[in-house]
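For reference, the structure discussed in these notes is given below.
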Amino acid sequence: MLDKVNELILEVKAFKANSKEEVESFRIKYLGSKGILKDLFGEFKNVENSLKKEIGQALNNLRSAATDKVNELKDAFESATESQSSYGDLTRPAEPIPLGARHPISIVKNRIVEVFNRIGFTISEGPEIEDDWHNFTALNLPEYHPARDMQDTFFIEKNPDLLLRTHTSSVQTRYMENNTPPIRTLSPGRVFRNEDISARSHCIFHQIEGLYIDTDVSFADLKQTLLYFTKEMFGKSKIRLRPSFFPFTEPSAEVDIYWGLETETDYKITKGTGWLEIMGCGMVDPNVLKNANIDPTKYSGYAFGMGIERIAMLLYQIPDIRMFYENDVRFLEQFKSVL
Ligand code: DAH
(Lines give C-alpha, C1' and ligand atoms only; values in the text may rest on other atoms or scores of the structure.)
Protein backbone atom coordinates (compact mmCIF):
# COMPACT_ATOMS: atom_id res chain seq x y z
CA MET A 1 0.00 0.00 0.00
CA LEU A 2 2.86 2.36 0.83
CA ASP A 3 4.25 2.03 -2.71
CA LYS A 4 0.85 2.75 -4.15
CA VAL A 5 0.43 5.89 -2.06
CA ASN A 6 3.90 7.17 -2.93
CA GLU A 7 3.22 6.60 -6.58
CA LEU A 8 -0.01 8.56 -6.29
CA ILE A 9 1.88 11.44 -4.64
CA LEU A 10 4.20 11.62 -7.64
CA GLU A 11 1.26 11.46 -9.98
CA VAL A 12 -0.50 14.28 -8.14
CA LYS A 13 2.58 16.48 -8.14
CA ALA A 14 3.08 15.98 -11.85
CA PHE A 15 -0.52 16.74 -12.73
CA LYS A 16 -1.20 19.53 -15.22
CA ALA A 17 -4.57 20.91 -16.29
CA ASN A 18 -5.73 22.73 -19.41
CA SER A 19 -8.94 24.09 -18.02
CA LYS A 20 -10.83 24.83 -14.86
CA GLU A 21 -13.02 21.81 -15.55
CA GLU A 22 -10.01 19.53 -15.56
CA VAL A 23 -8.97 20.92 -12.19
CA GLU A 24 -12.43 20.23 -10.85
CA SER A 25 -12.46 16.61 -12.02
CA PHE A 26 -8.99 16.17 -10.56
CA ARG A 27 -10.33 17.46 -7.24
CA ILE A 28 -13.29 15.08 -7.37
CA LYS A 29 -11.07 12.18 -8.32
CA TYR A 30 -8.74 12.63 -5.35
CA LEU A 31 -10.56 14.63 -2.72
CA GLY A 32 -14.22 14.06 -3.52
CA SER A 33 -16.56 12.19 -1.20
CA LYS A 34 -16.11 9.05 -3.32
CA GLY A 35 -12.54 9.88 -4.24
CA ILE A 36 -9.26 8.03 -4.03
CA LEU A 37 -8.31 9.44 -0.64
CA LYS A 38 -11.61 8.41 0.85
CA ASP A 39 -11.01 4.83 -0.35
CA LEU A 40 -7.45 4.78 0.89
CA PHE A 41 -8.42 6.01 4.32
CA GLY A 42 -11.03 3.22 4.30
CA GLU A 43 -8.34 0.64 3.53
CA PHE A 44 -6.12 2.17 6.19
CA LYS A 45 -8.31 0.66 8.90
CA ASN A 46 -7.08 -2.78 7.91
CA VAL A 47 -3.40 -1.90 7.87
CA GLU A 48 -1.20 -3.75 10.32
CA ASN A 49 -0.42 -1.72 13.43
CA SER A 50 3.32 -1.75 12.85
CA LEU A 51 2.86 -0.06 9.45
CA LYS A 52 0.18 2.41 10.53
CA LYS A 53 2.55 5.24 11.35
CA GLU A 54 4.41 5.22 8.05
CA ILE A 55 1.36 4.71 5.84
CA GLY A 56 -0.66 7.27 7.81
CA GLN A 57 2.00 9.87 7.17
CA ALA A 58 2.14 9.01 3.48
CA LEU A 59 -1.63 9.35 3.24
CA ASN A 60 -1.53 12.76 4.88
CA ASN A 61 1.18 13.79 2.42
CA LEU A 62 -0.97 12.65 -0.45
CA ARG A 63 -3.96 14.61 0.84
CA SER A 64 -1.99 17.83 1.25
CA ALA A 65 -0.27 17.40 -2.12
CA ALA A 66 -3.68 17.05 -3.78
CA THR A 67 -5.16 20.02 -1.91
CA ASP A 68 -2.15 22.21 -2.72
CA LYS A 69 -2.31 21.20 -6.36
CA VAL A 70 -6.01 22.07 -6.64
CA ASN A 71 -5.49 25.46 -5.01
CA GLU A 72 -2.46 26.27 -7.09
CA LEU A 73 -4.19 25.40 -10.37
CA LYS A 74 -7.38 27.23 -9.40
CA ASP A 75 -5.42 30.40 -8.59
CA ALA A 76 -3.54 30.19 -11.85
CA PHE A 77 -6.73 29.89 -13.88
CA GLU A 78 -8.44 32.69 -11.99
CA SER A 79 -5.65 35.21 -12.44
CA ALA A 80 -5.39 34.21 -16.08
CA THR A 81 -9.08 34.94 -16.64
CA GLU A 82 -8.71 38.24 -14.78
CA SER A 83 -5.85 39.46 -16.91
CA GLN A 84 -7.63 38.29 -20.01
CA SER A 85 -10.81 40.17 -19.12
CA SER A 86 -8.89 43.37 -18.35
CA TYR A 87 -8.40 43.52 -22.10
CA GLY A 88 -11.92 42.33 -22.64
CA ASP A 89 -14.36 45.18 -23.07
CA LEU A 90 -12.48 48.21 -24.24
CA THR A 91 -15.59 50.40 -24.11
CA ARG A 92 -16.10 49.90 -20.40
CA PRO A 93 -15.82 53.02 -18.18
CA ALA A 94 -12.33 53.81 -16.92
CA GLU A 95 -11.24 53.38 -13.34
CA PRO A 96 -12.01 56.64 -11.53
CA ILE A 97 -8.89 58.73 -10.85
CA PRO A 98 -8.95 59.76 -7.19
CA LEU A 99 -8.90 63.55 -7.10
CA GLY A 100 -7.45 65.61 -4.31
CA ALA A 101 -9.17 68.63 -2.87
CA ARG A 102 -8.01 72.21 -2.69
CA HIS A 103 -7.45 73.55 0.78
CA PRO A 104 -10.37 75.76 1.90
CA ILE A 105 -7.96 78.67 2.44
CA SER A 106 -6.88 78.42 -1.21
CA ILE A 107 -10.47 78.11 -2.39
CA VAL A 108 -11.53 81.28 -0.58
CA LYS A 109 -8.38 83.17 -1.54
CA ASN A 110 -8.88 82.28 -5.21
CA ARG A 111 -12.49 83.43 -5.08
CA ILE A 112 -11.59 86.79 -3.54
CA VAL A 113 -8.78 87.26 -6.05
CA GLU A 114 -11.12 86.43 -8.90
CA VAL A 115 -13.72 88.98 -7.80
CA PHE A 116 -11.11 91.77 -7.64
CA ASN A 117 -9.38 90.66 -10.85
CA ARG A 118 -12.56 91.50 -12.70
CA ILE A 119 -12.24 95.14 -11.70
CA GLY A 120 -8.60 95.46 -12.60
CA PHE A 121 -6.68 94.47 -9.48
CA THR A 122 -3.38 92.65 -9.95
CA ILE A 123 -1.73 90.28 -7.47
CA SER A 124 1.40 91.16 -5.53
CA GLU A 125 3.33 89.35 -2.87
CA GLY A 126 5.93 90.22 -0.28
CA PRO A 127 8.26 88.36 2.10
CA GLU A 128 7.00 86.68 5.27
CA ILE A 129 10.15 87.71 7.12
CA GLU A 130 9.84 91.46 7.00
CA ASP A 131 11.78 94.43 8.31
CA ASP A 132 10.47 96.97 10.77
CA TRP A 133 10.16 99.65 8.10
CA HIS A 134 7.76 97.81 5.83
CA ASN A 135 5.66 96.18 8.54
CA PHE A 136 5.44 99.18 10.89
CA THR A 137 7.32 102.42 10.41
CA ALA A 138 6.39 103.16 6.80
CA LEU A 139 2.77 102.39 7.69
CA ASN A 140 2.70 105.29 10.11
CA LEU A 141 3.55 103.15 13.11
CA PRO A 142 6.83 104.64 14.37
CA GLU A 143 8.81 103.00 17.15
CA TYR A 144 7.11 103.21 20.56
CA HIS A 145 3.81 104.03 18.90
CA PRO A 146 1.15 102.47 21.15
CA ALA A 147 -0.71 101.05 18.16
CA ARG A 148 2.14 98.56 17.67
CA ASP A 149 0.67 96.72 20.64
CA MET A 150 -2.45 96.02 18.60
CA GLN A 151 -0.45 93.25 16.98
CA ASP A 152 1.74 90.97 19.09
CA THR A 153 4.84 90.45 17.05
CA PHE A 154 7.33 87.60 16.66
CA PHE A 155 10.75 89.20 16.36
CA ILE A 156 13.81 87.47 14.96
CA GLU A 157 16.17 87.26 17.95
CA LYS A 158 19.47 87.67 16.10
CA ASN A 159 18.32 90.83 14.35
CA PRO A 160 15.72 92.97 16.13
CA ASP A 161 15.02 94.82 12.89
CA LEU A 162 13.53 91.64 11.43
CA LEU A 163 10.19 90.11 12.30
CA LEU A 164 7.50 87.81 10.97
CA ARG A 165 5.03 90.13 9.26
CA THR A 166 1.96 90.75 11.39
CA HIS A 167 -0.23 91.76 8.45
CA THR A 168 -0.19 91.87 4.67
CA SER A 169 -0.25 95.68 4.82
CA SER A 170 3.55 95.36 4.64
CA VAL A 171 3.14 94.48 0.95
CA GLN A 172 1.45 97.88 0.39
CA THR A 173 4.69 99.64 1.26
CA ARG A 174 6.80 97.39 -0.92
CA TYR A 175 4.44 97.71 -3.85
CA MET A 176 4.30 101.51 -3.64
CA GLU A 177 8.10 101.68 -3.54
CA ASN A 178 8.38 99.75 -6.78
CA ASN A 179 5.39 100.99 -8.77
CA THR A 180 3.88 104.30 -9.69
CA PRO A 181 0.17 105.16 -9.59
CA PRO A 182 -2.34 104.20 -10.79
CA ILE A 183 -2.06 101.25 -8.42
CA ARG A 184 -4.65 98.53 -8.02
CA THR A 185 -3.23 95.56 -6.25
CA LEU A 186 -4.29 92.69 -4.07
CA SER A 187 -1.80 90.99 -1.75
CA PRO A 188 -2.74 87.62 -0.29
CA GLY A 189 -0.41 85.96 2.19
CA ARG A 190 0.40 84.33 5.47
CA VAL A 191 0.83 86.44 8.59
CA PHE A 192 2.03 85.72 12.12
CA ARG A 193 1.04 86.95 15.55
CA ASN A 194 2.18 85.95 18.98
CA GLU A 195 -1.26 84.92 20.13
CA ASP A 196 -2.61 82.01 22.11
CA ILE A 197 -4.06 79.29 19.93
CA SER A 198 -7.78 78.72 20.41
CA ALA A 199 -10.86 77.91 18.35
CA ARG A 200 -11.07 81.58 17.30
CA SER A 201 -7.45 82.66 16.90
CA HIS A 202 -4.16 81.22 15.78
CA CYS A 203 -0.56 82.42 15.65
CA ILE A 204 -0.48 81.80 11.88
CA PHE A 205 -3.26 82.89 9.58
CA HIS A 206 -3.90 84.45 6.16
CA GLN A 207 -4.94 87.89 5.01
CA ILE A 208 -5.69 89.68 1.79
CA GLU A 209 -4.76 93.29 1.44
CA GLY A 210 -6.14 95.66 -1.19
CA LEU A 211 -4.58 98.92 -2.31
CA TYR A 212 -5.93 101.41 -4.82
CA ILE A 213 -4.11 104.66 -5.59
CA ASP A 214 -4.87 107.18 -8.30
CA THR A 215 -5.83 110.81 -8.70
CA ASP A 216 -9.14 111.82 -7.11
CA VAL A 217 -9.87 108.58 -5.31
CA SER A 218 -12.59 109.15 -2.76
CA PHE A 219 -14.25 107.35 0.11
CA ALA A 220 -17.24 106.79 -2.19
CA ASP A 221 -15.00 104.74 -4.51
CA LEU A 222 -13.97 102.62 -1.56
CA LYS A 223 -17.53 102.03 -0.47
CA GLN A 224 -18.67 101.14 -3.97
CA THR A 225 -15.83 98.65 -4.40
CA LEU A 226 -16.63 97.00 -1.08
CA LEU A 227 -20.28 96.77 -1.98
CA TYR A 228 -19.40 95.14 -5.29
CA PHE A 229 -17.15 92.68 -3.45
CA THR A 230 -19.72 91.66 -0.85
CA LYS A 231 -22.37 91.17 -3.52
CA GLU A 232 -20.12 88.97 -5.65
CA MET A 233 -18.58 87.06 -2.77
CA PHE A 234 -21.51 86.50 -0.44
CA GLY A 235 -24.54 87.53 -2.46
CA LYS A 236 -25.30 90.17 0.19
CA SER A 237 -26.01 93.72 -0.84
CA LYS A 238 -26.15 95.64 2.39
CA ILE A 239 -23.01 96.86 4.14
CA ARG A 240 -22.24 99.40 6.80
CA LEU A 241 -19.02 101.19 7.60
CA ARG A 242 -18.28 101.84 11.26
CA PRO A 243 -15.68 104.48 12.15
CA SER A 244 -12.52 102.84 13.47
CA PHE A 245 -8.82 103.43 13.78
CA PHE A 246 -5.83 102.10 11.85
CA PRO A 247 -2.56 104.07 11.81
CA PHE A 248 -2.16 103.65 8.04
CA THR A 249 -5.58 104.96 7.03
CA GLU A 250 -7.44 108.18 7.74
CA PRO A 251 -10.37 108.04 8.04
CA SER A 252 -10.60 104.34 8.90
CA ALA A 253 -13.58 102.06 9.07
CA GLU A 254 -14.64 98.58 9.96
CA VAL A 255 -16.85 96.90 7.34
CA ASP A 256 -19.93 94.94 8.41
CA ILE A 257 -22.17 93.07 6.04
CA TYR A 258 -25.80 92.42 6.70
CA TRP A 259 -25.93 88.64 6.84
CA GLY A 260 -29.57 88.43 7.79
CA LEU A 261 -31.44 86.64 10.54
CA GLU A 262 -33.23 83.95 8.63
CA THR A 263 -31.83 80.81 10.20
CA GLU A 264 -30.64 79.75 13.59
CA THR A 265 -27.05 79.78 12.33
CA ASP A 266 -27.53 83.41 11.23
CA TYR A 267 -28.47 84.22 14.82
CA LYS A 268 -25.49 82.35 16.15
CA ILE A 269 -22.81 83.82 13.89
CA THR A 270 -24.11 87.37 14.06
CA LYS A 271 -24.82 87.15 17.80
CA GLY A 272 -28.41 88.04 17.12
CA THR A 273 -27.65 91.33 15.34
CA GLY A 274 -27.72 90.18 11.71
CA TRP A 275 -24.44 92.06 11.11
CA LEU A 276 -21.01 90.54 10.60
CA GLU A 277 -17.67 92.30 10.64
CA ILE A 278 -15.52 91.21 7.72
CA MET A 279 -12.68 93.66 7.23
CA GLY A 280 -10.90 96.91 8.02
CA CYS A 281 -10.44 99.70 5.51
CA GLY A 282 -9.84 103.37 5.01
CA MET A 283 -8.27 106.12 2.94
CA VAL A 284 -4.48 105.71 2.78
CA ASP A 285 -2.91 108.12 5.26
CA PRO A 286 -0.92 110.87 3.48
CA ASN A 287 2.09 109.94 5.65
CA VAL A 288 2.05 106.44 4.20
CA LEU A 289 2.07 107.83 0.66
CA LYS A 290 4.93 110.18 1.56
CA ASN A 291 6.95 107.33 3.06
CA ALA A 292 6.71 105.55 -0.29
CA ASN A 293 7.61 108.70 -2.27
CA ILE A 294 4.12 109.21 -3.66
CA ASP A 295 2.96 112.81 -3.64
CA PRO A 296 -0.12 113.02 -1.37
CA THR A 297 -1.14 116.35 -2.87
CA LYS A 298 -1.50 114.66 -6.25
CA TYR A 299 -2.66 111.17 -5.36
CA SER A 300 -5.05 109.60 -2.92
CA GLY A 301 -6.14 106.05 -2.38
CA TYR A 302 -7.89 103.49 -0.29
CA ALA A 303 -6.81 100.26 1.35
CA PHE A 304 -8.51 97.34 2.98
CA GLY A 305 -7.51 94.14 4.69
CA MET A 306 -9.37 90.98 5.61
CA GLY A 307 -8.68 87.62 7.23
CA ILE A 308 -9.15 84.65 4.90
CA GLU A 309 -9.80 82.10 7.67
CA ARG A 310 -12.61 84.22 9.04
CA ILE A 311 -14.34 84.34 5.67
CA ALA A 312 -13.80 80.62 5.06
CA MET A 313 -15.27 79.86 8.49
CA LEU A 314 -18.32 81.91 7.61
CA LEU A 315 -18.84 80.43 4.18
CA TYR A 316 -18.32 76.79 5.18
CA GLN A 317 -19.54 76.98 8.79
CA ILE A 318 -16.21 75.83 10.16
CA PRO A 319 -16.40 76.08 13.94
CA ASP A 320 -12.69 75.93 14.84
CA ILE A 321 -9.80 77.78 13.16
CA ARG A 322 -7.35 75.02 14.15
CA MET A 323 -8.98 72.68 11.65
CA PHE A 324 -7.29 74.59 8.81
CA TYR A 325 -3.82 73.60 9.97
CA GLU A 326 -4.32 70.05 11.18
CA ASN A 327 -4.63 68.67 7.63
CA ASP A 328 -7.00 65.93 8.72
CA VAL A 329 -8.07 64.31 5.43
CA ARG A 330 -11.61 63.83 6.75
CA PHE A 331 -11.84 67.64 6.91
CA LEU A 332 -9.98 68.35 3.66
CA GLU A 333 -11.94 65.78 1.64
CA GLN A 334 -15.12 67.72 2.22
CA PHE A 335 -13.89 70.42 -0.16
CA LYS A 336 -13.52 68.04 -3.11
CA SER A 337 -16.51 69.36 -4.97
CA VAL A 338 -15.53 73.01 -4.58
CA LEU A 339 -13.16 74.55 -7.12
N1 DAH B 1 -3.70 95.44 8.68
C2 DAH B 1 -4.94 95.38 9.41
C3 DAH B 1 -4.93 94.21 10.36
O4 DAH B 1 -4.13 93.35 10.21
C5 DAH B 1 -6.10 95.24 8.47
C6 DAH B 1 -6.33 96.48 7.67
C7 DAH B 1 -7.16 97.44 8.14
C8 DAH B 1 -5.69 96.67 6.47
C9 DAH B 1 -7.40 98.61 7.44
C10 DAH B 1 -5.92 97.83 5.73
C11 DAH B 1 -6.78 98.77 6.24
O12 DAH B 1 -5.35 98.05 4.56
O13 DAH B 1 -6.99 99.90 5.53
O14 DAH B 1 -5.71 94.17 11.28
Any GluC sites (Glu not before Pro) in segment 248-338 that lie in a DSSP loop and have at most 11 other Cβ atoms within 10 Å would be Glu262
For segment 23-168, what is the relative contact order in percent, using Cα pairs closer than 8 Å and at least 6 residues apart in sequence? 15 percent
List the lysines whose Cα lies under 16 Å from the Cα of Lys290, skipping any in the same chain that are fewer than 8 positions away. Lys298
With all protein chains present, the chain has a carbon and sulfur share of its accessible area (1.4 Å probe) in percent of 51 percent
Name the lysines eligible as straight-distance cross-link partners of Lys268: C-alpha to C-alpha under 28 Å, and not fewer than 8 places from it in the same chain. Lys109, Lys223, Lys231, Lys236, Lys238, Lys336
By per-residue mean of other Cβ atoms within 10 Å, what is the highest-first order of 192-203, 237-248? 237-248, 192-203
Which residue, chosen from Phe324, Phe205, Trp275, occupies the Cα position most advanced towards the positive end of the dipole of segment 104-335, where the dipole is computed from +1 (Lys, Arg) and -1 (Asp, Glu) charges on Cβ about the Cα centre? Trp275
Other residues with Cβ under 12 Å from the Cβ of Gly32 give, with Lys and Arg +1 and Asp and Glu -1, a net charge of +2
hull vol. (C-alpha, convex hull) per residue for segment 161-243, Å³ -> 152 Å³
Sorted by chain and then number, the residues having a modelled amide H within less than 5 Å of the amide H of Arg200, at least 5 places away or on another chain, are Ile321
Measuring with a 1.4 Å probe in the full set of protein chains, what accessible area per residue, in whole Å², belongs to the chain? 57 Å²
Mind checking which of Pro182, Pro93, Pro104 has the largest fluctuation in a GNM of the chain, springs on alpha carbons under 10 Å? Pro93
Taking H placed 1.01 Å from N in the peptide plane, check which residues at least 5 places from Thr270 or on another chain put their amide H under 5 Å from its amide H. none
Assign one of three labels to segment 2-86, namely rounded, prolate or oblate, based on the Cα gyration tensor with a ≥ b ≥ c the square roots of its eigenvalues; rounded applies when a/c is under 1.5, prolate when it is not and a/b is larger than b/c, and oblate otherwise. prolate
Given Cα pairs under 8 Å that are at least 6 residues apart, what percent is the relative contact order of the chain? 16 percent
Per DSSP helix of 4 or more residues, -39500 (n - 2.57); summed, then divided by the residues of the chain. What does that give at 222 nm, rounded to the nearest 500? -13000 deg cm²/dmol
10 Å binning of all Cα-Cα separations within the chain, expressed as whole percents from 0 upward: 5, 18, 21, 13, 6, 5, 6, 9, 9, 6, 3, 0, 0
With only Lys, Arg, Asp and Glu charged, each at its Cβ (+1 for the first two, -1 for the last two), find how big the charge dipole of segment 2-86 is about the Cα centre; round to the nearest 20 debye. 280 debye
Compute a Gaussian network model of the chain, connecting alpha carbons closer than 10 Å, and tell me which residue from Leu59, Leu314, Leu99 fluctuates the most. Leu59
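The values are calculated or read from the model by the stated rules, or taken from the named source; none is laboratory data. Treat the numbers as computed from the prediction; the structure is a model and nothing was measured. Cβ atoms come from the backbone with ideal geometry, glycine included; neighbour counts cover every protein chain shown. Heads up: the accessible areas ignore ligands, DNA and RNA and are worked out on the full protein's heavy atoms, side chains in. Shrake-Rupley method; radii C 1.70, N 1.55, O 1.52, S 1.80 Å.
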